[in-house]
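Read the structure below first, then the notes.
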Amino acid sequence: MNELLSIGFGNTVNKSAVVAIVSPDSAPIKRMVSHSKEEGRVIDATQGRKTRSVICTVNDKVILSALTIETLSGRF
C-alpha cells in the first residue's frame, strides 16, 4: 500500500509520487511555479499562508506547502 506524507492542514501526498522538495526562494523555482500556475498544474495546499516549500511530483504537478523543507523531510 502507498504511504502518505502529511504536508500540513490535513493535506497529504503519496510518498512514491514525490520527486523533490525544494525551497520557493530561488528564481528558477519561482519561474517553475509561475509557469505551472499558467498551465494549471499547481496544487496550493498552503491554506492562505506563506509558501515555505515546493513539492515536485512524478506526474509534473507542483504542490505548494506552508511547512518547511526540514519538517517535510523529517516526516518523509
query = Which members of region 66-76 meet the condition of being open to solvent by 70 Å² or more (accessible area, probe 1.4 Å) and free of Cβ contacts under 8 Å to residues at least 24 places away in the same chain?
reply = GLU70
inquiry  = I'm trying to understand the selection: among the residues of region 10-40, which are in a helix (DSSP H, G or I) and polar (S, T, N, Q)?
reply    = SER16, SER34, SER36
request  = Look through ILE43, ILE7, ILE21 and report the one residue that is in contact with a strand residue (DSSP E or B) (Cβ under 8 Å, 6 or more places away or on another chain), without any contact (Cβ under 8 Å) to a residue 40 or more places away in the chain and β-branched (Val, Ile, Thr).
outcome  = ILE43
query = Within region 18-66, which residues are under 15 Å from SER6 (Cα atoms) and of a type in the set (Asp, Glu)?
reply = ASP44
inquiry  = For the condition open to solvent by 40 Å² or more (accessible area, probe 1.4 Å) and not in a helix (DSSP H, G or I), what is the one hit in ILE55, ILE43, ILE7, ILE63?
reply    = ILE43
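The values are calculated or read from the model by the stated rules, or taken from the named source; none is laboratory data. It should be emphasised that the depicted structure is a prediction, and the values quoted were computed from it without experimental measurement. Cβ sites come from the backbone with ideal geometry, for glycine too, and all protein chains shown count toward neighbours. Ligands, DNA and RNA are stripped out before the accessible areas are found, and what is left, the full protein with its side chains, is counted by its heavy atoms. Shrake-Rupley method; radii C 1.70, N 1.55, O 1.52, S 1.80 Å.
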